[in-house]
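Notes to accompany the following structure.
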Amino acid sequence: MNSSPNKRALTKATLIKVAFRSFFLQASWNYRGMMSMGFLYAISPGLDKIYDDINARENAYMRHFEYFNTNPYFASVVMGVVLALEERLSRGEISDEVIHDTKEGLMTACAAIGDGLFWDSWRPFVAVASLIFASGNYMLTPLFFLILYNIPHLYFRFAGIFWGYVEGTHVIRSLKKFQFPQIRQNLRYGTLVLLAYMIPNHVNVHTPFLLTNLPMEFFYFGEKVVQGIGATLLVALGMIGCRARVDVLLISFLLMILALVLYHWGILI
Amino acid sequence: MIASLLIALIGGIVDLDSTATWQFMISQPIVAAPLTGLFLGNLYGEAAMGLKLGLMVGVILQLLWIEQLPLGMNVPPDAALASVLSVALGFIAGHSYETYSEREVCYTVALLLSVALGLLGRSLDMFVRRLNTGVDNWVNQKIEDNQFWAISLGHTLGGFFTFTKAFIFCFLIVWFGVEPLKYFTQTISLKHSSGFIVVQGLLPAVGFAVLASMCLKEKTELKYFVAAIMFFTVLPAKIWLGISAALIVMYKTRPRKKK
């Protein structure tokens, strides 16, 4: 397809179609090519538009049926860049090795950015924020979680493909403007504060001693202090377990046994 | 029977979300568990109770596996199936009991059981991925013969495997799991059964520990963290207090624009 350099082959509608198809990126996740099939499935409307010739199209399909693995939310950025490069290849401006190398480099970068941002920072933060509501028995908590979580998700997915397609390989520079490491650190601090609020307030440690030994006017305060200390101790024990790479399942069962024993002795109620 | 099918359907859809498609995070326990509770509660005419159980399960399971990230080859435990099954088993088994404490025992035992089922779900997930590798090879051959329709078919097949796996798994567990759970609850005498309420109250601590060990990276942060816990211990328990404190800290440490 020989068009002038300024004219782009893909319309907005095609790009949005590709972005929608990127929702199904990991459906056929496998050990050979990881998301290879999903990637090809997602960009195939774009490839069909770029290559009219059946042989060129087959070559393009074969080229992209290869190892691909990145963060699913940032995959659309890679797709945009790849489509822009394919367009240039169809005009004979670059060779197909450039596409391969760019794709490989970009998918690694996007995996690092996306996994760090979404799995490591954003999801824990939103989870803790909604857990606070859940512990207060607010029934709309799941809705709150979904809406808050999906705002950046959908933003990156749909805006990403346009960034990639318009800016091509320069997209990594404009991604840097977001200052992801600082955002991640910021989110981590937020998570820690919310966690510090949740630990003394949402672990239920009650002892019968306070009821018998403490005057009534101090009872509420004493109960809170005992809860705070008890919860902190439990969490500290759990943290030591986590740091020592003990399985979570084992920690839960040990906690269960500990709780039952303490209950049996009448320390916990 | 209807309940098992309903749970199997919910499990299948929710599990599709966890890795295969969309990834809106319906599969996170904090969403999946209340959702299951709502549907199941509607079926039994106790929607509010189901939702409440769902929130309780969601709170505990949400943080348990949060450090297990789906990076590269790593397959995290199936938190989605664990939360769906935990609510389903707990609710259906507990439904037949009248007293509060017997129901709570059902809930807690189902919760602990489902943690193990989540690990089993991971093995099933790996099995599906191995199936997908076979599909991948098949599609590769088809493309070489210029048959492009194979991509869509193979890709859809992958999603279909995931759904079927979750559907059958949930159906079988609910179908066969409720009666043993009921039997187990009957064997525990009432005196010990309220111990399980204590266990339920303490279980969130494991999740908090997991998240705290993931987020704390420096020694100084640990100091501030302990100080913050003490601070919130003394203050009255108000949700808005915690949220506003978090917002203040995040605002103070926000990323500054480089000059």
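The values are calculated or read from the model by the stated rules, or taken from the named source; none is laboratory data. Fair warning: this is a prediction, and the values are worked out from it, not measured in the lab. Quick reminder, even Gly has a Cβ in these numbers, built from the backbone with ideal geometry, and neighbours come from all protein chains shown.
Side notes on the structure shown:
- Per-region count, the stretch B:57-94, residues of a type in the set (A, V, I, L, M), in contact with a helix residue (DSSP H, G or I) (Cβ under 9 Å, 6 or more places away or on another chain) and in a loop (DSSP other than H, G, I, E, B): 4
- Boolean, B:Phe167 is within 13 Å of chain A (Cβ to nearest Cβ) and either surrounded by fewer than 19 Cβ atoms within 10 Å (Cβ to Cβ) or more than 30 Å from A:Ile54 (Cβ to Cβ) (or both): no
- Number of the exception - B:Gln147 against (1) in a helix (DSSP H, G or I); (2) modelled with pLDDT under 90; (3) surrounded by fewer than 13 Cβ atoms within 10 Å (Cβ to Cβ): (1)
- Matching option when the condition is in contact with a Cys (Cβ under 6 Å, 6 or more places away or on another chain) and not assigned by TED's automatic domain parsing to the domain that holds A:Lys17, among A:Leu233, A:Leu237, A:Leu192, A:Leu187: A:Leu192
- From the options A:Ile151, A:Ile183, residue that is surrounded by fewer than 20 Cβ atoms within 10 Å (Cβ to Cβ) and within 9 Å of another protein chain (Cβ to nearest Cβ): A:Ile183
- Any hit, the stretch A:97-105, residues being in contact with a strand residue (DSSP E or B) (Cβ under 9 Å, 6 or more places away or on another chain), without any contact (Cβ under 8 Å) to a residue 60 or more places away in the chain and within 12 Å of chain B (Cβ to nearest Cβ): no
- Put simply, of B:Ile143, B:Ile151, B:Ile188, B:Ile173 the only residue that is within 11 Å of another protein chain (Cβ to nearest Cβ), β-branched (Val, Ile, Thr) and within 27 Å of B:Gly207 (Cα to Cα) is B:Ile188.
- Members of the stretch A:172-197 that are within 30 Å of A:Leu234 (Cβ to Cβ) and more than 19 Å from the chain's Cα centre (by Cα): A:Val193, A:Leu194, A:Leu195, A:Ala196, A:Tyr197
- Which listed residue, of A:Tyr220, A:Tyr197, A:Tyr165, A:Tyr263, is more than 8 Å from chain B (Cβ to nearest Cβ), among the hydroxyl-bearing types (Ser, Thr, Tyr) and over 30 Å from A:Val82 (Cβ atoms): A:Tyr220
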